[in-house]
Amino acid sequence: MAPALINANPIVHEKKKRTSKPQANYNDAIPDVIDELEIFDHVRDITDPEHPYSLEQLNVVTEDSIFVDDAKNYVKITFTPTVQHCSMATIIGLSLRLKLLRCLPPRFKVDIFLAPGSHSTEAAINKQLNDKERVAAAFENPNLVDLVEKCLVSTEE
Amino acid sequence: SLRLVQELEGHEDRVWGVAWRPCDGSSILASCSGDQTVRIWEHSSGSSPSSAAWVCKAVLDSSHNRTVRQISWSPNGNLLASASFDATIGMWEYVGNEFSFIASFEGHENEVKSVAWNSAGTLLATCSRDKSVWIWEVLPGHEFECVSVLNGHTQDVKMVLWHPSLDILVSTSYDNTIKIWTEEGDGDDWHCAQTLGPPGSGHTSTVWAASFNATGDCMVTCSDDLTLNIWDSSADLSSANDDDSAKWKHLATISGYHDRTIYSVNWSSLNDLIASGAGDDCIRIFSKSQDGDQEGSQSYELVQKHEKAHTADVNCVQWHPKNPRLLASAGDDGIVKIWEVVGDLPHV
């Protein structure tokens with residue numbers, strides 16, 4: 001028997017219509033400014049660790065939950081797990097982190113937080129997701145990396 | 001200002017730590033990285049260590065199969081210990097100008113975060129995400145025997161550090177506290193003599209590192225709470241009473257300077273300058289104010305701020321043991337840098 005799902009019946013939302021991405025900026029004189037929509041495009045298709053739906057479809061991340069200050073090289077993502085006791089919250093956070101690590105220029109500092117009040121162990125998970133030593137160790141753990149990579153497959157098509 | 005002496009490239013992942021070899025003029029620097037290796041950098045003899053003549057002398061790549069988080073030279077410079085996420089501690093011997101891998105010891109349940117020698121080179125301390133601090137005795141024939149397992153921290157222990165002359169051990173943790181460990185009597189009976197932390201004073205988030213001044217009567221700690229704390233560490237903790245006069249005390253908090261997590265702090269062993277390395281890519285240098293004490297408390301001022309010291313987080317800063325103007329740093333950009341302080345500075 002398959003283990004019971006933590007949230008057996010999540011609400012599935014419609015995917016936001018994709019705006020066609022502006023042509024890549026080939027003029028080196030104009031700095032390539034990264035905005036919320038670009039970050040959202042990178043992470044919206046990450047698959048939930050528990051369901052065959054994307055983080056966008058489950059409203060785990062929205063464009064509004066992303067803050068970017070390009071001039072200050074700063075990105076902050078706030079995500080909302082589908083249930084308050086979601087044991088997969090850490091995996092979702094690590095998936096967001098690995099995805100941004102791969103597609104953002106290294107100049108960016110990234111903070112990842114649970115939405116306030118969205119999780120029963122919010123403070124502990126926030127601390128872990130933003131301790132880069134713990135994150136580095138997690139990314140050296142084959143079992144965890146396996147889980148995270150599965151969530152990212154859908155973003156790399 | 002800080003003048004870049006040289007960039008040392010070679011590591012293939014973030015560099016977590018650097019350590020100057022403590023003898024022979026300290027013309028050797030070791031660095032460790034997420035690429036699972038330790039690199040040894042040597043300055044060609046005959047020229048000033050502040051000239052760009054550092055070269056990679058060796059790559060020690062056979063001791064660990066995960067990140068090497070920290071390295072530590074024995075006081076005589078003959079042994080180099082490495083702490084790794086692979087849960088082991090590696091030991092290299094440096095003889096006849098060659099490094100040989102002599103031992104690997106295990107015991108921790110998971111990632112080892114830090115390793116430190118006592119001043120006599122007879123004891124080694126290690127700490128881990130498993131929340132414990134271990135004390136190892138150095139036996140003849142390259143044997144290392146665990147003499148004590150110290151439990152007390154409630155989370156991940158980030159760093160261990162010995163007092164510069166006494167067998168007093170400091171540990172800093174993800175549980176936001178700093179613990180001071182001393183030996184009771186003459187057995188191997190170690191215990192926690194004091195915990196520095198809230199409520200009252202201390203850090204409000206992970207304490208990443210600590211450093212003593214040369215005499216050991218002051219200690220500085222750095223944290224994810226974006227502050228440095230200065231502690232009076234002159235009290236004799238071996239007197240086993242609860243008298244407040246026999247406790248280490250908070251002296252000052254340096255706040256308002258750092259923009260992201262402070263990963264490293266180092267008090268020069270030659271003067272009263274404190275360097276910090278942080279997640280905001282800056283190296284800062286603080287000095288004890290010359291104006292004297294204000295109402296018994298101490299004040300510290302920022303005397304240097306070097307922005308974009310690395311193009312990513314600065315993970316480690318270490319003052320040179322002999323030259324008061326030299327500093328080494330390690331960054332998430334995979335680079336080790338040697339810096340020289342130029343111009344007027346207090347204490348230098």
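The values are calculated or read from the model by the stated rules, or taken from the named source; none is laboratory data. Treat the numbers as computed from the prediction; the structure is a model and nothing was measured. No Cβ is skipped: glycine too gets one built from the backbone with ideal geometry, and neighbour counts run over all protein chains shown. Quick note on the areas: whole protein, heavy atoms, side chains included, nothing else; ligands and nucleic acids left out. Shrake-Rupley method; radii C 1.70, N 1.55, O 1.52, S 1.80 Å.
Some observations on this one:
- Breaking point among (1) over 14 Å from the mean Cα position of the chain (by Cα); (2) open to solvent by 60 Å² or more (accessible area, probe 1.4 Å); (3) touching a residue at least 60 places away in the same chain (Cβ under 8 Å), for A:C86: (2)
So that you can scan it fast, the table gives a plain yes or no per residue for (1) at pLDDT 95 or above; (2) under 19 Å from the mean Cα position of the chain (by Cα); (3) among the aliphatic types (A, V, I, L, M); (4) open to solvent by less than 40 Å² (accessible area, probe 1.4 Å):
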position: B:I262; (1), (2), (3), (4): yes, yes, yes, yes
position: B:S276; (1), (2), (3), (4): yes, yes, no, yes
position: B:E295; (1), (2), (3), (4): no, no, no, no
position: B:A312; (1), (2), (3), (4): yes, no, yes, yes
position: B:W319; (1), (2), (3), (4): yes, yes, no, yes
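- Flag for B:L161 being closer than 20 Å to B:F286 by Cβ, assigned to a strand (DSSP E or B), open to solvent by 10 Å² or more (accessible area, probe 1.4 Å) and of a type in the set (A, V, I, L, M, F, W, C): yes
- Those residues of the stretch B:145-158 which are assigned to a strand (DSSP E or B) and within 14 Å of chain A (Cβ to nearest Cβ), in sequence order: B:V157, B:K158
- Entry remark, the stretch B:278-293: residues being assigned to a loop (DSSP other than H, G, I, E, B) and at pLDDT 95 or above number 4 in total.
- Scanning the stretch A:70-83 for residues that are open to solvent by 40 Å² or more (accessible area, probe 1.4 Å) and over 24 Å from A:L104 (Cα atoms) gives a single hit, A:T82.
- Out of B:S33, B:S74, one residue alone is within 14 Å of chain A (Cβ to nearest Cβ), of a type in the set (S, T, N, Q) and closer than 22 Å to B:H108 by Cβ. It is B:S33.
- Restricting the stretch B:321-338 to residues that are open to solvent by 10 Å² or more (accessible area, probe 1.4 Å) and in contact (Cβ under 8 Å) with a residue 60 or more places away in the chain, the residue that is nearest to B:I283 (Cα to Cα) is B:K337.
- Positions within the stretch B:197-219 being open to solvent by 10 Å² or more (accessible area, probe 1.4 Å), in a loop (DSSP other than H, G, I, E, B) and away from chain A (no Cβ under 14 Å), in sequence order: B:G197, B:P198, B:P199, B:G200, B:S201, B:G202, B:N213, B:A214, B:T215, B:D217
- Residues of the stretch B:182-196 classified as buried (at least 19 other Cβ atoms within 10 Å of the Cβ) and either within 14 Å of B:A210 (Cα to Cα) or acidic (D, E) (or both), total: 2
- Under the condition of being open to solvent by 20 Å² or more (accessible area, probe 1.4 Å) and under 21 Å from the mean Cα position of the chain (by Cα), the residues counted in the stretch B:105-116 number 1.
- Residue match in the stretch B:232-244 (condition: modelled with pLDDT of 95 or more and within 14 Å of another protein chain (Cβ to nearest Cβ)): no
- Residue match in the stretch B:31-41 (condition: free of Cβ contacts under 8 Å to residues at least 60 places away in the same chain, outside any strand (DSSP E or B), closer than 30 Å to B:V149 by Cβ and open to solvent by less than 30 Å² (accessible area, probe 1.4 Å)): yes
- Of the helices (runs of 4 or more DSSP H) that lie entirely inside the stretch A:27-141, those containing 3 or more residues that are touching a Lys or Arg at 6+ places or on another chain (Cβ under 9 Å), of a type in the set (A, V, I, L, M, F, W, C) and within 14 Å of chain B (Cβ to nearest Cβ) span A:132-138.
- Qualifying residue in the stretch B:122-134 (condition: of a type in the set (G, A, S), open to solvent by 20 Å² or more (accessible area, probe 1.4 Å) and either within 14 Å of another protein chain (Cβ to nearest Cβ) or over 24 Å from B:G334 (Cα atoms) (or both)): no
- Tallying residues that are over 13 Å from A:N73 (Cα atoms) and either of a type in the set (G, A, S) or surrounded by fewer than 18 Cβ atoms within 10 Å (Cβ to Cβ) (or both) within the stretch A:101-112 yields 3.
- Checked against (1) open to solvent by less than 10 Å² (accessible area, probe 1.4 Å); (2) over 26 Å from B:N323 (Cα atoms); (3) away from every other protein chain (no Cβ under 14 Å), B:S62 passes all but condition (1).
- Across the stretch A:134-157, the qualifying residues are those that are charged (D, E, K, R) and loosely packed, with under 15 Cβ neighbours inside 10 Å, and the one among them that is farthest from B:E109 (Cα to Cα) is A:E157.
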